[in-house]
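Notes to accompany the following structure.
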Amino acid sequence: MNRLYAGLPRTIFDVMSGLARELSAVNLGQGFPEEDGPADLKEAVARATLEHSNQYPPMMGLPALREAVAEHYRRFQGVDLDWAREVTITSGATEAIAAAILATLNPGDEAILVEPMYDAYRPLVERAGGVARYVRLSPPDWRIPRDALKAAFSEKTRAIVLNSPVNPSASLLVRADLEAIAEECIARNVIAICDEVWEHVTFDGGRHVSMLAIPGMRERTFKIGSAGKMFSMTGWKVGFLCAAPALTEVAAKAHQFLTFTTPPNLQMGAAYGLKKGEDYFVAMRAGFQRSRDRLAQALTQAGFAVLPCAGTYFLNIDLARSGIALDAEDFALRAVKEHGVASIPLTPFYAGAPPAQMLRLCFAKRDETLDRGVERLAAARRTLA
Ligand code: GLN
């Protein structure tokens, strides 16, 4: 069997959600909202299923959705995209990331990954024949270290994979960081593969800046978005892959042999959602921010050291500073098995040892779920510390 896949563990998100289901634990692990998104989007999908074709849509996606994606990013991020040449619809953002990586790298090329990194990036780079190089962000501010950034680039660098807002650190890459990365990419003719799936999930007035909007990056950036994250329907798996025509042409060929297309009814639901006004996104952010604050306050009261969160669905706790000597994987496994609360250790987001033992908690949950989760984490802390 293929050595890379055979040697990989099952993804931590599925392991933890599996244990949570099996043990009826409170699930603060895998990042998905407990409540589905707006009912009118579900109705749009139901109508599309009943009234429209359920046969193969065009390989690059339904024109109605591709137009809606371009229009949405024009409205919210000031990014100008030609829907017919620069937008591809994929089966989830993970597929878009895979298509962009496969389309960019040749065997032996180097790709820079920023730790902590979403767990799919490294295997996708390596399966494409690429060699991963790392730049590490450190708590509490998770900024791009300029010297390490420069040192990570070489003659062989072909791509840098970026994520902002960052899962799992819940930080944003600020404009100055994006500009520093852009400077290197432009000087060395490197492509930026930007996972921007959390673009609408930002807090305290902080706003997402797309790498596509940074001067000089328009022709060398893949921008990846997710209907699941925008509309709290993570099971829909509808992703948006946006890039200049020369990049899109090749990435669409990778997509055509990964999934070929994405269910047409879900594409129509996403097209409907993308037309929602600013008020929907403001309310979504406010709801998640309230949940973030509730969880942060309860955790702090229970004696946990909580890191700041500027975006995503996640809060991190520093175990050592919370008086817990176990490493994050051990604590997470024992917390779910012995105390009925699932979480995500940060270990799988690092190629080497993480800078601290940290645990990621998803706050996109009902109040009572968050409260029960904290009670159980507090019990785990008392017995496992
Ligand atoms: N993005 C989700 C998370 O970070 C996981 C998605 C998945 O499991 N594929 O929790």
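Among the conditions (1) closer than 22 Å to residue 166 by Cα; (2) at pLDDT 95 or above; (3) among the small types (Gly, Ala, Ser), the only one that residue 352 does not satisfy is (2). Looking across the range 300-322 at every residue that is hydroxyl-bearing (Ser, Thr, Tyr) and surrounded by fewer than 24 Cβ atoms within 10 Å (Cβ to Cβ), the one that is farthest from the ligand (Cβ to nearest atom) is identified as 300. Listed here are the helices (runs of 4 or more DSSP H) enclosed by the range 83-189 that have at least 2 residues being within 16 Å of the ligand (Cβ to nearest atom) and more than 28 Å from residue 289 (Cα to Cα): 93-104, 121-127.
Being free of Cβ contacts under 8 Å to residues at least 40 places away in the same chain, more than 20 Å from residue 354 (Cβ to Cβ), in contact with a strand residue (DSSP E or B) (Cβ under 6 Å, 6 or more places away or on another chain) and not hydroxyl-bearing (Ser, Thr, Tyr), is that true of even one residue in the range 131-141?
Just the residues of the range 131-141 that are free of Cβ contacts under 8 Å to residues at least 40 places away in the same chain, to begin with: 131, 133, 135, 137, 141.
From what is left, the residues that are more than 20 Å from residue 354 (Cβ to Cβ) are 131.
Next cut, in contact with a strand residue (DSSP E or B) (Cβ under 6 Å, 6 or more places away or on another chain) only: 131.
Going one step further and asking which of them are not hydroxyl-bearing (Ser, Thr, Tyr), we end up with 131.
Yes.
Please determine, by comparing only the residues of the range 323-346 that are in contact with a Leu (Cβ under 7 Å, 6 or more places away or on another chain), aliphatic (A, V, I, L, M) and away from the ligand (no atom under 16 Å from the Cβ), which one is nearest to residue 22 (Cα to Cα). Step by step, filter the range 323-346, then rank; the result is 335. Within the option set 94, 88, being among the β-branched types (Val, Ile, Thr) and buried (at least 22 other Cβ atoms within 10 Å of the Cβ) holds for one residue only, 88.
Yes or no, residue by residue, for (1) in contact with a strand residue (DSSP E or B) (Cβ under 9 Å, 6 or more places away or on another chain); (2) more than 16 Å from the ligand (Cβ to nearest atom); (3) at positive phi:
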position: 5; (1), (2), (3): no, no, no
position: 14; (1), (2), (3): no, no, no
position: 23; (1), (2), (3): yes, yes, no
position: 39; (1), (2), (3): no, yes, no
position: 44; (1), (2), (3): no, yes, no
position: 55; (1), (2), (3): no, yes, no
position: 66; (1), (2), (3): yes, yes, no
position: 71; (1), (2), (3): no, yes, no
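Among residues that are aliphatic (A, V, I, L, M), out of contact with any strand residue (DSSP E or B) (no Cβ under 6 Å at 6 or more places or on another chain) and within 24 Å of residue 214 (Cβ to Cβ), residue 103 is included. Screening residue 31 on (1) within 16 Å of the ligand (Cβ to nearest atom); (2) loosely packed, with under 14 Cβ neighbours inside 10 Å shows it passes everything except condition (2).
Would you pick out the residues in the range 196-240 that are more than 25 Å from residue 310 (Cβ to Cβ) and either in contact (Cβ under 8 Å) with a residue 40 or more places away in the chain or outside any loop (DSSP other than H, G, I, E, B) (or both)? Don't jump to the end; show me each part of the working.
From the range 196-240, those more than 25 Å from residue 310 (Cβ to Cβ) are 216, 218-220, 235-238; that's our starting set.
Residues satisfying the conditions are 235, 236, 237, 238.
The values are calculated or read from the model by the stated rules, or taken from the named source; none is laboratory data. Note that the structure is predicted; figures quoted are calculated from it, not measured. All Cβ positions, even for glycine, are placed from backbone atoms using ideal geometry, and neighbour counts span all protein chains on display.
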